[in-house]
1. For segment 140-173, what are the residues that are acidic (Asp, Glu) and farther than 21 Å from Asp203 by Cβ?
2. Would you check if there is a residue in segment 66-85 being touching a residue at least 24 places away in the same chain (Cβ under 8 Å), more than 23 Å from Leu135 (Cα to Cα) and surrounded by 17 or more Cβ atoms within 10 Å (Cβ to Cβ)?
3. List the number of the failed condition for Gly172; all other conditions in (1) of a type outside the set (Asp, Glu); (2) buried (at least 21 other Cβ atoms within 10 Å of the Cβ); (3) modelled with pLDDT under 95 hold.
4. Select from segment 16-35 the residues that are touching a Gly at 6+ places or on another chain (Cβ under 9 Å) and buried (at least 19 other Cβ atoms within 10 Å of the Cβ) and list them in ascending order.
5. From the residues in segment 225-284 that are at pLDDT 95 or above and acidic (Asp, Glu), which one is nearest to Ala207 (Cα to Cα)?
6. Tell me, please, whether a residue that is assigned by TED's automatic domain parsing to the domain that holds Ala170, assigned to a helix (DSSP H, G or I) and of a type outside the set (Ser, Thr, Tyr) can be found in segment 247-255.
7. Within segment 285-296, which residues are of a type outside the set (Lys, Arg) and either over 17 Å from Leu129 (Cβ atoms) or at pLDDT 95 or above (or both)?
8. Give all pairs with beta carbons closer than 6 Å in which a residue from segment 49-65 that is without any contact (Cβ under 8 Å) to a residue 60 or more places away in the chain and under 17 Å from Ile38 (Cβ atoms) meets a residue that is small (Gly, Ala, Ser) and surrounded by 10 or more Cβ atoms within 10 Å (Cβ to Cβ); count only pairs at least 6 apart in sequence or on separate chains.
Amino acid sequence: MKLVSFGPPGAEEPGVLVRPDALLPLRGSGFAGGWSEILSCWPAAEPLVRAAAARPREGDLVPLAGTRLGPPVPRPGTVVAIGFNYPAHGDEVLGAPRPPGEPIVFLKPASSVCGPADAIVCPPETRQLDYEVELAVVIGRGGQRIPAAEALEHVAGYMVANDVTARDIAFGAGIDHPLLFQIARAKGAPSFCPTGPWLVTPDEFAAAGAGLRLWVNGELRQQDSTASMAVGVAGLIESVSRSMALRPGDILLTGTPPGCGFQLDPPCFLADGDVVEAEIDGLGRMRSPVVAHALLERI
């Protein structure tokens with residue numbers, strides 16, 4: 001299944017994409033709340049969602065054309081992100097292979113999440129707005145200390161994400177001053193986590209070996225495969241859940257490959273008017289315009 005949220009920002013409703021051109025709202029099928037509420041009881045709700053999607057009534061369908069898709073999970077509990085999970089990306093940033101150890105974990109606020117076609121808003125505090133295409137995993141069954149052998153049973157689905165980052169804020173004091181890193185500030189602004197266009201359930205997507213790509217204004221900037229991840233989805237869930245409880249609706253960002261704007265020679269950052277497209281095989285493509293914060297306030 002392809003699970004969607006649709007409607008105005010902040011008032012999205014849950015639905016299922018039942019045809020390439022139409023979605024089925026779940027509210028009319030007896031489901032209350034949004035995806036956060038439905039995912040909270042996902043093992044019981046999933047068969048009911050599948051049954052509703054299998055027999056949609058034509059009069060209940062909403063055309064996809066002209067309908068705003070929001071983030072598939074508009075109000076996640078926690079957005080957990082992984083740093084340097086693609087060795088080539090880490091080597092370029094650190095100048096040497098990352099020492100062995102647990103995956104690097106940081107958090108993004110839920111308020112950073114936005115939809116697949118929503119604007120990425122560039123705050124006035126940064127001149128180095130950057131992109132990171134990532135495979136996102138949504139938790140469907142919570143737990144702590146989840147063994148890798150059981151981890152994929154806890155996954156509700158997968159989607160495309162862009163871990164937008166203000167590099168000058170993150171590394172303002174330089175890579176040699178880690179105590180002065182401002183990761184949360186650099187990655188936490190509203191619109192800094194586009195997700196979508198839909199949440200694809202595990203029966204329709206194989207996380208291992210999927211191609212990732214990102215373009216800026218039509219120029220291919222990132223291209224790799226999830227096969228390059230140092231730690232796969234099951235291993236990440238096992239590792240992260242040793243440090244924190246994972247809950248239904250939580251989002252896990254699995255890291256980005258090389259090719260970010262700050263890694264180019266010369267560096268090339270996002271600016272007002274740019275268009276960022278992020279795609280993963282089997283999960284679809286997002287298309288995000290970049291808008292300056294001051295310009296947005298005048299609209």
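The values are calculated or read from the model by the stated rules, or taken from the named source; none is laboratory data. Here the structure is a predicted model, which means the values were calculated and not measured. As a convention, Cβ positions derive from the backbone with ideal geometry for all residues, glycine included, and neighbour counts pool all protein chains shown.
1. We begin by selecting, within segment 140-173, every residue acidic (Asp, Glu); these are 150, 153, 163, 168.
Passing the criteria: Asp163, Asp168.
2. no
3. The number of the failed condition is (2).
4. Initially, segment 16-35 is screened for residues touching a Gly at 6+ places or on another chain (Cβ under 9 Å), giving 23-27, 35.
Answer for segment 16-35, where residues must be touching a Gly at 6+ places or on another chain (Cβ under 9 Å) and buried (at least 19 other Cβ atoms within 10 Å of the Cβ): Leu23, Leu24, Pro25, Leu26, Trp35.
5. Asp281
6. Within segment 247-255, not a single residue is assigned by TED's automatic domain parsing to the domain that holds Ala170, assigned to a helix (DSSP H, G or I) and of a type outside the set (Ser, Thr, Tyr).
7. Passing the criteria: Met286, Ser288, Pro289, Val290, Val291.
8. Short answer, once both residue conditions are applied: Ala52/Ser29.
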